[in-house]
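A short write-up of the structure that comes next.
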Amino acid sequence: MAVKKPSFEQAMGRLEEIVGLLERGECGLDESLKLFEEGAKLAGQCEELLGKAEQKVNLLLADDSEEPFREEDAQ
């Protein structure tokens, strides 16, 4: 069974948790390394998701096949 990647919001939430844990400094070296590794993977996933979203926005903005909305069209 394939593991589902977290949504952007879920990944960011977990990243915030990891940062908090690491900043407190209460974890041992091994646990800190595991958390850092998890955080690095989540950061990569977030970057990928943001890149895809940016591409989609750029495509939508570049799509000039539709005329812009005009106020008289709404009446």
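Values in this text are rule-based calculations from the coordinates and carry no lab data. Quick caveat, the model's predicted, so the values are computed rather than measured. Counting neighbours? That spans all protein chains shown, and the Cβs are built from the backbone with ideal geometry, glycine included.
With a sphere of radius 12 Å drawn around the Cβ of Glu16, what net charge do the other residues whose Cβ falls strictly inside it have (Lys, Arg +1; Asp, Glu -1)? Display every interim value, and only then the final one.
Details: positive: Arg14; negative: Glu9, Glu17, Glu23.
Taking every Cβ under 12 Å from that of Glu16, the sum is -2.
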- Cβ crowding within 10 Å averaged over residues, with 23-29, 3-9 ranked highest first: 3-9, 23-29
- Beta carbons within 10 angstrom, averaged per residue: use that to sort the peptides 51-62, 34-45, highest first. 34-45, 51-62
